[in-house]
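The values are calculated or read from the model by the stated rules, or taken from the named source; none is laboratory data. Everything quoted here is computed from the prediction, not taken from an experiment. Reconstructed Cβ throughout: ideal geometry from the backbone, glycine too, with neighbour counts over all protein chains shown.
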Amino acid sequence: MVKSKTLLMSGLCGLMLGGAAQSADYGIISQDVAADACDERQVNDDKKTAENRAVDKAGLSAVKLAGFIQKLYPDLSASALDLISYQIIDEYMMGQKHTVTLNDAERVCVKLEAMVELTTEELARLVEEYRNSDAPTEQIAEVVNEVNQKMAFKPRSLNDKKLLYIRNMVFWNGDETNHYKDLLTGLFSHSQYFYVTDDEKLADFTVTPRLKKADVDEIDRHNHKMQMQIELEVLSRTIEDFSPISERQNHFILFAADKDEQKIADDLLRKLLSKAANDASAKIDYFESKRIEDAALQGK
């Protein structure tokens with residue numbers, strides 16, 4: 001194997017600094033999801049019934065709060081969104097785990113975390129199947145109603161929405177580029193909780209993308225391997241209880257030696273940035289929804 005080479009300013013960085021933006025449709029939705037929910041104990045419940053209902057509510061909240069369905073299909077009816085979300089929970093939610101955060105005589109609360117992964121074709125199939133469906137069945141209607149009430153905690157006016165600023169990408173050698181700012185602006189521009197601003201001084205959240213590593217190994221004279229590592233950091237200077245978010249993506253791909261190395265690098269970087277940005281945006285949305293809900297419950 002030939003020693004690894006790093007794509008420096010004359011190559012990858014040169015493309016990013018001066019090249020035209022390119023787009024790619026990767027066909028895969030991979031999304032970390034999380035939410036919490038509670039359920040009131042009923043007289044005839046066994047030990048796990050209320051907990052299971054809380055998990056159902058948290059799962060539906062998690063998929064809807066992630067926002068990837070609404071971003072791709074903004075014209076869906078509320079009932080269609082609920083039904084599609086339920087099918088995604090059944091078919092495409094993986095690694096689901098929940099923690100009981102409250103368990104007393106009156107109610108059970110849980111925090112759920114999971115991964116949703118499906119192709120855009122599979123999502124399109126669900127949309128086609130449920131787009132014109134009526135309201136959810138009675139079996140899930142109660143869960144849907146409670147989740148919708150919980151998700152009703154949104155900014156009451158435009159002035160209540162936070163502002164988010166996207167910085168230039170920082171390379172491992174300290175150089176910067178705004179080459180991916182339009183891509184990231186689009187990815188962060190669909191939130192109900194914040195706007196993207198071009199004035200960093202006004203921002204409540206600041207996003208810094210970093211390219212930590214971009215190496216190519218020559219496997220043999222016909223095949224190369226590219227490894228790329230990125231980080232997307234979100235900080236807040238105005239919200240004291242906001243924990244910094246650090247979304248990291250590390251991936252490698254094999255490609256033929258005669259392919260355009262710079263285009264492959266650009267496409268891979270866009271894919272990693274898109275995954276990191278979607279995850280970060282969902283976490284900010286979740287934080288803001290909880291903050292607004294807590295304030296409402298406290299009568300503020």
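Structural remarks
Yes/no per residue for (1) out of contact with any strand residue (DSSP E or B) (no Cβ under 7 Å at 6 or more places or on another chain); (2) outside the structural domain of ALA62 (by TED's automatic domain parsing); (3) at pLDDT 90 or above; (4) buried (at least 17 other Cβ atoms within 10 Å of the Cβ):
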| residue | (1), (2), (3), (4) |
| --- | --- |
| VAL110 | no, no, no, yes |
| MET115 | no, no, yes, no |
| THR119 | no, no, yes, no |
| GLU128 | yes, no, yes, no |
| ALA135 | yes, no, no, no |
| LYS161 | no, yes, no, yes |
| TYR180 | no, yes, yes, yes |
| THR185 | no, yes, yes, no |
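- Conditions (1) more than 30 Å from ARG291 (Cβ to Cβ); (2) assigned to a strand (DSSP E or B); number of the one not met by LEU268: (2)
- A Cβ distance below 6 Å, combined with a sequence gap of six or more or placement on separate chains, defines the contacts here; from the stretch 23-39, residues that are assigned by TED's automatic domain parsing to the domain that holds VAL55 reach residues that are modelled with pLDDT under 85 and surrounded by fewer than 18 Cβ atoms within 10 Å (Cβ to Cβ) in the pairs CYS38/ARG107.
- Filter result for the condition that a residue is of a type in the set (A, V, I, L, M) and in a strand (DSSP E or B), over LEU112, LEU123: LEU112
- Subset of the stretch 177-208 that is β-branched (Val, Ile, Thr) and under 18 Å from the mean Cα position of the chain (by Cα) - its residue that is nearest to THR238 (Cα to Cα): THR206
- Consider the stretch 33-58 and keep the residues that are small (Gly, Ala, Ser) and under 30 Å from GLU247 (Cα atoms). The one that is farthest from the chain's Cα centre (by Cα) is ALA54.
- For the stretch 215-262, the tally of residues that are surrounded by 14 or more Cβ atoms within 10 Å (Cβ to Cβ), charged (D, E, K, R) and not in a strand (DSSP E or B) stands at 1.
- Restricting attention to the stretch 53-81 and to residues that are in a helix (DSSP H, G or I) and of a type in the set (S, T, N, Q), the residue that is nearest to ASN132 (Cα to Cα) turns out to be SER79.
- Checking each residue in the stretch 82-103 for being at pLDDT 85 or above, touching a Lys or Arg at 6+ places or on another chain (Cβ under 8 Å) and not in a helix (DSSP H, G or I) picks out HIS98, THR99.
- Among (1) closer than 19 Å to LEU183 by Cβ; (2) outside any strand (DSSP E or B) - the single one LYS201 does not satisfy: (1)
- Inter-residue pairs, beta-carbon under 8 Å, first of a type in the set (Val, Ile, Thr) and in the stretch 112-123, second surrounded by fewer than 17 Cβ atoms within 10 Å (Cβ to Cβ) and modelled with pLDDT of 90 or more, 6+ apart: VAL116/MET94
- Unique residue being over 19 Å from LEU65 (Cα atoms), among the small types (Gly, Ala, Ser) and in contact (Cβ under 8 Å) with a residue 60 or more places away in the chain when the list is ALA214, ALA203, ALA257: ALA214
- The set of residues in the stretch 188-198 being under 20 Å from LYS275 (Cα atoms) and in a loop (DSSP other than H, G, I, E, B) consists of PHE188, SER189, HIS190, SER191, GLN192, TYR193.
- Of the numbered criteria (1) part of a strand (DSSP E or B); (2) loosely packed, with under 15 Cβ neighbours inside 10 Å; (3) touching a helix residue (DSSP H, G or I) at 6+ places or on another chain (Cβ under 9 Å), the one LYS212 fails is (3).
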